[in-house]
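Each remark here refers to the structure printed beneath this line.
The values are calculated or read from the model by the stated rules, or taken from the named source; none is laboratory data. Small disclaimer: the values here were computed from a predicted structure and weren't measured. Here the Cβ positions follow ideal geometry from the backbone for every residue, glycine too, while neighbour counts run over all protein chains shown. Ligands, DNA and RNA are stripped out before the accessible areas are found, and what is left, the full protein with its side chains, is counted by its heavy atoms. Shrake-Rupley method; radii C 1.70, N 1.55, O 1.52, S 1.80 Å.
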Amino acid sequence: MPETGHSWCRAFEAVPASAPAVRRWTRDRTTRVDAPAIAHELFAAVLTTEPDAVEMTLSTAGARARITAHGARGPLVWLVDEPGRRIVAALSRQSGFTHDARGLWADLA
């Protein structure tokens with residue numbers, strides 16, 4: 001039986017003060033307790049490139065979810081030993097860069 005799901009997308013102002021809104025927006029769309037923390041870390045990583053806005057996407061299908069933060073001005077460098085990267089790795093099934101290297105995603109299972 002195929003899974004049905006939902007997708008939401010919203011652009012946030014690329015300032016640190018938007019981080020609570022990113023967490024709240026994520027929390028309002030999924031019951032996964034780890035999703036707001038993952039969304040926060042992805043948002044913060046993209047924010048380091050000083051974009052005009054960060055586009056957050058949350059997609060769900062059954063028990064699965066994917067969170068994407070996109071909008072970096074240039075290719076992202078997300079070092080393996082950065083605390084945010086370790087948090088996302090610990091809370092997600094897998095994560096990586098978008099095809100254009102201007103965003104990050106994380107799968108939650």
Seminar exercise, completed: Taking first residues from the stretch 84-98 that are at negative phi and second residues anywhere that are at pLDDT below 90 and in a loop (DSSP other than H, G, I, E, B), the pairs with Cβ under 8 Å that are 6 or more apart or on different chains are 84/78; 85/78; 85/79; 93/109; 97/76; 97/78
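Assess whether residue 107 counts as being open to solvent by 20 Å² or more (accessible area, probe 1.4 Å) and of a type in the set (D, E, K, R).
Values: open to solvent by 20 Å² or more (accessible area, probe 1.4 Å): no; of a type in the set (D, E, K, R): yes.
Here the answer is no, as residue 107 does not meet what is asked.
This table checks each residue for (1) on the phi < 0 side of the Ramachandran plot; (2) at pLDDT below 95; (3) of a type in the set (A, V, I, L, M).
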| position | (1), (2), (3) |
| --- | --- |
| 4 | yes, yes, no |
| 21 | yes, no, yes |
| 24 | yes, no, no |
| 27 | yes, no, no |
| 33 | yes, yes, yes |
| 47 | yes, yes, yes |
| 57 | yes, no, no |
| 61 | yes, yes, yes |
For this session: Select from the stretch 80-102 the residues that are over 22 Å from residue 9 (Cβ atoms) and in a helix (DSSP H, G or I) and list them in ascending order.
Result: 83, 85, 86, 87, 89, 90
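For the stretch 1-22, which positions are assigned to a helix (DSSP H, G or I) and either surrounded by 12 or more Cβ atoms within 10 Å (Cβ to Cβ) or under 11 Å from the mean Cα position of the chain (by Cα) (or both)?
18, 19, 21, 22
Any idea how many residues of the stretch 27-57 are part of a helix (DSSP H, G or I) and under 13 Å from residue 108 (Cα atoms)? Let's see the steps before the verdict.
From the stretch 27-57, those part of a helix (DSSP H, G or I) are 27, 35-47; that's our starting set.
When the remaining residues are screened for being under 13 Å from residue 108 (Cα atoms), the result is 35-39.
Within the stretch 27-57, residues that are part of a helix (DSSP H, G or I) and under 13 Å from residue 108 (Cα atoms) number 5.
Okay, residues lined up against (1) surrounded by fewer than 15 Cβ atoms within 10 Å (Cβ to Cβ); (2) more than 19 Å from residue 9 (Cβ to Cβ); (3) among the β-branched types (Val, Ile, Thr):
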residue	(1), (2), (3)
39	no, no, no
47	no, no, no
58	no, no, no
61	yes, no, no
64	yes, no, no
73	yes, yes, no
78	no, yes, no
Exercise. Does residue 25 satisfy the criteria of being open to solvent by less than 20 Å² (accessible area, probe 1.4 Å) and aromatic (Phe, Trp, Tyr)?
Worked result: yes
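So that you can scan it fast, the table gives a plain yes or no per residue for (1) in contact with a strand residue (DSSP E or B) (Cβ under 8 Å, 6 or more places away or on another chain); (2) within 24 Å of residue 90 (Cα to Cα); (3) of a type in the set (D, E, K, R); (4) touching a residue at least 24 places away in the same chain (Cβ under 8 Å):
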position	(1), (2), (3), (4)
11	yes, no, no, yes
14	yes, no, no, yes
19	no, yes, no, yes
22	yes, yes, no, yes
25	yes, yes, no, yes
31	no, yes, no, no
37	no, yes, no, yes
41	no, yes, yes, yes
45	yes, yes, no, yes
